[in-house]
Every structure is written in structure tokens, then in C-alpha cells.
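Engineer: I am attaching a structure below and will ask some questions about it afterwards.
The values are calculated or read from the model by the stated rules, or taken from the named source; none is laboratory data. Just so we're clear, the structure is a prediction, and the values are computed from it rather than from any experiment. Neighbour counts are summed over all protein chains in view; Cβ atoms, including those assigned to glycine, are modelled from backbone coordinates with ideal geometry.
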Amino acid sequence: MMEELRDLYQEVILDHSKRPRNLREIENAEHQAKGYNPLCGDRVTVFVVLKDGKIQDVSFQGDGCAISTASASMMTEGLKGKTIDEAEAIFGKFHDLVTGKVPPGEVTESLGKLAVFAGVQEFPIRVKCATLAWHTLRAALEKRPEAISTE
Amino acid sequence: MNVSRESSVVGARPSPAKKSPFDVHRIREDFPILKRKVHGKPLVYLDNAASSQKPKAVIDAISRLYSEDYANVHRGVHELSQRSTKAYENARVKARRFINARTEREIIFVRGTTEAVNLVAQTYGRVHVRAGDEVLITTMEHHSNIVPWQILCEEKGAYLRVAPINDEGELILEELEKLLTPKTRLLAMAHVSNALGTINPVREIIRMAHEWDVPVLLDGAQAAPHLAIDVQELGVDFYAFSSHKMFGPSGVGVLYGKEALLDAMPPYQSGGDMISSVTFEKTTYNRLPYKFEAGTPNIADVVGFGAAIDYIDAIGMESIATHEHALLDYGTQTLSEIPGLQLIGQAREKAAVLSFVLEGIHPHDIGTILDQDGIAVRTGHHCAQPVMDRFKIPATARASLAVYNTKEEIDVLAAGIRRVIEVFR
């Protein structure tokens, strides 16, 4: 496989895309929102349960490409126990990473496992796949009623 | 100017005797872009249903017009305006001949198939469709042949009816026939499906519709580059197609309409060129086809479109169809051998479109990985979401072939797909 592709489809990403974590509905979750990427037809619903200002539980359901599924899966893993502000901060750094605003090395440490998405930089058309679940999470936290769209 | 006299001078078809035997490698030489590399690999361009590449003859025709003959058309008495007008109107003659329309008055230059459909919806449609009436389309339409009718029906309180397709991606004719009623004002449908490649039995369908006095609009965007079209033989009422899918420039298309229908229709857009006289009290509209061509048209690209028709004529539509059919057979066989690959759209009559899904792998990932091999395919819903819903899939990957594609390129595609499967194993 070519190097850029290997960077994009890292083992961790492939693993999460094939065996997504927290792929389930949280019934009656107070915070939930739908996201849609018209470009590739990816759909995701994100569910969040907050307790004492922290994310007690977060999950997703949907159908998407490897990048969007892995991103949703790893997002849910990485955000449990975080405050809303902390989640926002992580999304900010993640966004900077995948859009190439910051060189991969600089943000790697604070992002932990999520740093594997650095390869998306080389594929600008895939940024929307990587950020769909995150935008949807934000909409869920803000209790936005309409489905959000990447277009 | 006298258009019909023009046609007798420049309208002769290139004589078949001039045609040399079909040689795909010589044809490839005509397309400069096919020599380039993508991500370090030779370009394998398999996205022709979205838009085709352009031969040097087309590129040169546009460049020559701008370098030597360009001025505005239809107005000037000066030499360049006359030369531009002649080149522009010659393209109309070529387009007329290409679909065997009766007269150049039936050839309206528009921006593309989408504008042609909108033109009919907003003029013919607004006059003839009333509350409670029905417009009939099919499940396999491109969004551009759905939305203009939806908007019209909403405005008029009319109903949009949809003829279903079977698992192979073929229209179910008995069901379509049942949907033709005294309330049906128009049947608008694809000649060839962009997402599935299905070639519809339009002659039979038009006959069926006409028995109910229902006029038929055919979206010919995917048919024009691959099939010989004879609007008189089909008896079709409106036919729409685009230059950019048939080796011509983008931004040009044709709406064919039967003269009597076009004559009775109100204008679409208004402005210069489409009028014969204007006072503040009353405006008299220009005759056909100019009534529907308001404003300065896309002169150079229309001329380029004429060159594209010449290019197709020189190869011969029959040779093109034969070559593409061989590619389709080879591609169908080659891709079917790949484990986990499912072809979407297996109509008996099919244009060279290979739409497919891979078990457990999203088309978007397929597209990204193939791109790294220099292979350009389309992934997504192909502006035909109802087709995707029909097959209960979010998207497909689609390889669509043209006259310059080769069996070797299909082998490269198959190897690329196997690599995709390996990445995700």
C-alpha cells in the first residue's frame, strides 16, 4: 500500500471501522442529534448522557465509510468522563489536526489515540468524513433539533 | 439568416468511406489529458457518465474561434460577427443532424440537460399542468429530472407519479402503463440511467404514452454519447442532452422539441435576441429557435460542441457502441469474478456503466484507494438517491466507460479493487 494510504487507513482506524465501539442507541437520551454527509450518504446519530456537567455516556448509530465510522467510534471512547468544555477543546484540536492547520507532531500528545487521524490531512475531501460525528456531537450538546449537514 | 439553406451546404454527413478501422490506441492519442499521470500512475479515467474528456479537435475549435473569428452573434454586420454567427449556426445544423430533427428550428441551445428539463417544466409544464393533474417519472431518474417536476407539481397542486423498476434495474412496463391515465400531462424519463446504465425501451414506451395522448420528454444525457438517436423515428416530443458528456465543452446542451409544441410554448427567459420588436406597450417574440435563446449565448462552447459532434461522426456511433459493448461485457465478467463484489444494475439492455458495491466496504473508501492508483471512478449516490433507496444502499462506486477506454484499464480497475479488499481484510 502507498504511504499516504497507510497513513489514512491505519490499523487502529480499520479496527474501529470494522468493530465500532459504543455503536448503540441510548434510549431517551436527553442529548441526541442527527448528522448527514450528502457527499457520500453517511448518516450518524449521536447520543449523550450528561451527569454533573460531565459526559457520563456517549454512543452513536449510523452507516458510513471507514473514516467516519472509526472517527465516531474513537470519539465516543475518548470523551467519556470529559466536561463539555474539555470535549470542545478536544474537537478543536482534532479539527486542526485533520485540516492540517497544525503539524501532526504538535497536537499528537494532547489528542492521545485520536492522533491516528493525522493522515486525513493528505485527503482534504475526507475531512468531512472525519468530523461528521464531532459536529453531530456538538449539535446534540446544544440540543439542536434539525439534522446537521456537512454541506 | 436562412438556416435551412445553410444545412444543405454544410449538413452533409462525413462519408463512411473516410472512416478508418477502429483503433482505440489511435483514439486515445486524440485526448491530451489521457497522457497525464495521477499520483504518479497513468490516468485511468472511468468517470465518463459524470463528464467525458475532450479531444484536441474540440479544444482547438474553441481556441481557433477565440483567436480568429470571435464576435457576438446574430447582430453585427461586420465580418467577425458574421463568421461567429455562421460557426454558431453550423453547430445547430450538426446537432439537428445528430438526432435527426426535422429542422434547426427544433434545436434550442441551453446550458445543459438540466436547463432543458427546467425549460420544459417552466413553459410547457406551467401551461398544461393544472391542479389534480399528474406528471409521470420513473424511479431511475437523475435528480434533475425529478426536482423540476416536483416544484411544478407543488406550485400547481398536481401529483408526481413514479414508475417502479425491478431488481435488475429495468423499468416494469406493465406498472408504467397502469400509471398512464387521462390525468397524465407528461411522461419525463431517462433514455439511459446514469446510476445503473439501463437502456430503456423508449420506442415502446413512447408509443404507449401517445396512446393516452401523453407527450414524452426523454433525458438523453447518458444516451447521446453512446447511442444513435433519431427523434423522428422515436416520435419523442422533447429530447434533452448535454455537450460535456459527449466530448464537448461544459455549459452547452440541446433541447429538442417538436416545432408545433415549441411554437405554442411561452418563452422561458426574456431579454435580447429572443425578441423581434420591443416597445413599452408590447413585445413580439422572435421566431424559433431564438425565442428560447435569450441573451448572448455560449458562442465558443457551442462551436466546440459542433466539433465534438464531428468527432463522434468521424469515428461512427456504430463503432463506438461496438467497442463500448465489448468493454462492458469484459468489465462485467472481470468484476463479477471479484469475491464480495455486487454489480448494481444488470439490465439486459445496458450502456457501459459498472456500478458496484463491495461487502463491508463503503464506496467512499473504495474511491479514495482507487484514486491513489490513478483510477477515477465516481462514488456516492450519483444524484439518483431514489435508485439507492430502491436497492437499500447508501451509495455505489461507479466505473463508466467511453470510447477511449481499454480492456487493460479494466484490468487495472480490477487489480485496484482487489487491493481495496486487501486493505480492509
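Engineer: Taking the stated definitions as given, is residue A:93 exposed (fewer than 14 other Cβ atoms within 10 Å of the Cβ) and touching a helix residue (DSSP H, G or I) at 6+ places or on another chain (Cβ under 9 Å)?
Structural biologist: So residue A:93 fails the test.
Engineer: For the range B:142-180, which positions are touching a residue at least 40 places away in the same chain (Cβ under 8 Å) and either of a type in the set (Ser, Thr, Tyr) or not assigned by TED's automatic domain parsing to the domain that holds residue B:196 (or both)?
Structural biologist: B:144
Engineer: Considering only residues that are within 11 Å of the chain's Cα centre (by Cα) and assigned to a helix (DSSP H, G or I), which ones fall in the range B:234-260?
Structural biologist: If the condition is that a residue be within 11 Å of the chain's Cα centre (by Cα) and assigned to a helix (DSSP H, G or I), then B:244, B:245, B:246 are the ones that fit.
Engineer: Something else: Cβ-Cβ under 6 Å, sequence separation 6+ or interchain: first residue in the range A:1-30 and facing another protein chain (nearest Cβ under 10 Å) and under 28 Å from residue A:122 (Cα atoms), partner surrounded by 14 or more Cβ atoms within 10 Å (Cβ to Cβ) and among the hydroxyl-bearing types (Ser, Thr, Tyr). Which pairs?
Structural biologist: Close Cβ pairs satisfying both conditions: A:17/A:69.
Engineer: Output yes when any residue across the range B:90-104 is surrounded by fewer than 21 Cβ atoms within 10 Å (Cβ to Cβ), out of contact with any His (no Cβ under 9 Å at 6 or more places or on another chain) and within 24 Å of residue B:400 (Cβ to Cβ), and no when none is.
Structural biologist: Scanning the range B:90-104 turns up no residue that is surrounded by fewer than 21 Cβ atoms within 10 Å (Cβ to Cβ), out of contact with any His (no Cβ under 9 Å at 6 or more places or on another chain) and within 24 Å of residue B:400 (Cβ to Cβ).
Engineer: Moving on to the next point. Looking at the range B:98-157, which of its residues are over 21 Å from residue B:260 (Cβ atoms) and of a type in the set (A, V, I, L, M, F, W, C)?
Structural biologist: Of everything in the range B:98-157, those that are over 21 Å from residue B:260 (Cβ atoms) and of a type in the set (A, V, I, L, M, F, W, C) turn out to be B:98, B:131, B:136, B:137, B:140, B:146, B:147, B:149, B:151, B:152, B:153.
Engineer: Oh, and also: Which members of the range B:213-234 meet the condition of being surrounded by fewer than 19 Cβ atoms within 10 Å (Cβ to Cβ) and either more than 21 Å from residue B:315 (Cα to Cα) or of a type in the set (Val, Ile, Thr) (or both)?
Structural biologist: Once the filter is applied, which keeps residues that are surrounded by fewer than 19 Cβ atoms within 10 Å (Cβ to Cβ) and either more than 21 Å from residue B:315 (Cα to Cα) or of a type in the set (Val, Ile, Thr) (or both), the range B:213-234 yields B:213, B:232, B:233.
Engineer: If you go through the range B:125-138, how many residues are farther than 12 Å from residue B:184 by Cα and either in contact with a Gly (Cβ under 9 Å, 6 or more places away or on another chain) or assigned to a helix (DSSP H, G or I) (or both)?
Structural biologist: The number of residues fulfilling the criteria is 2.
Engineer: Next up: What are the residues in the range B:242-271 that are modelled with pLDDT of 95 or more and on the phi > 0 side of the Ramachandran plot, if any?
Structural biologist: B:247, B:251
Engineer: So, one more: Give the residue that is nearest to the chain's Cα centre (by Cα), with candidates limited to residues of the range B:271-309 that are surrounded by fewer than 20 Cβ atoms within 10 Å (Cβ to Cβ) and acidic (Asp, Glu).
Structural biologist: B:273
Engineer: Please verify whether the range B:34-43 includes one or more residues that are assigned to a loop (DSSP other than H, G, I, E, B), surrounded by fewer than 17 Cβ atoms within 10 Å (Cβ to Cβ) and in contact with a helix residue (DSSP H, G or I) (Cβ under 8 Å, 6 or more places away or on another chain).
Structural biologist: yes
Engineer: I would also like to ask the following. Any idea how many residues of the range B:47-73 are crowded, with 19+ Cβ neighbours inside 10 Å and under 25 Å from residue B:274 (Cβ atoms)?
Structural biologist: 4
Engineer: Please enumerate the residues belonging to the range A:31-52 that are within 14 Å of another protein chain (Cβ to nearest Cβ), in a loop (DSSP other than H, G, I, E, B) and either buried (at least 23 other Cβ atoms within 10 Å of the Cβ) or not small (Gly, Ala, Ser) (or both).
Structural biologist: The answer is A:38, A:39, A:40.
Engineer: Restricting the first residue to the range A:63-85 and requiring it to be more than 15 Å from residue A:137 (Cα to Cα) and within 13 Å of another protein chain (Cβ to nearest Cβ), which pairs with a second residue that is in a helix (DSSP H, G or I) and of a type in the set (A, V, I, L, M, F, W, C) meet a Cβ separation below 6 Å and a spacing of at least six or different chains?
Structural biologist: A:65/A:129; A:67/A:129; A:67/A:130
Engineer: Testing residue B:394 on (1) more than 9 Å from every other protein chain (Cβ to nearest Cβ); (2) part of a loop (DSSP other than H, G, I, E, B); (3) not small (Gly, Ala, Ser), one condition comes back false. Which one is that?
Structural biologist: Just one mismatch for residue B:394, condition (1).
Engineer: Looking at the range B:404-425, which of its residues are outside any helix (DSSP H, G or I) and over 32 Å from the mean Cα position of the chain (by Cα)?
Structural biologist: Hit for the range B:404-425 is B:425, nothing else.
Engineer: Report those helices (runs of 4 or more DSSP H) wholly inside the range A:79-151 carrying at least 2 residues which are farther than 24 Å from residue A:61 by Cα.
Structural biologist: Counting at least 2 such residues, we get A:84-98, A:104-111.
Engineer: Criterion first (in contact with a helix residue (DSSP H, G or I) (Cβ under 7 Å, 6 or more places away or on another chain), of a type in the set (Gly, Ala, Ser) and modelled with pLDDT of 95 or more) does residue B:50 satisfy it?
Structural biologist: no
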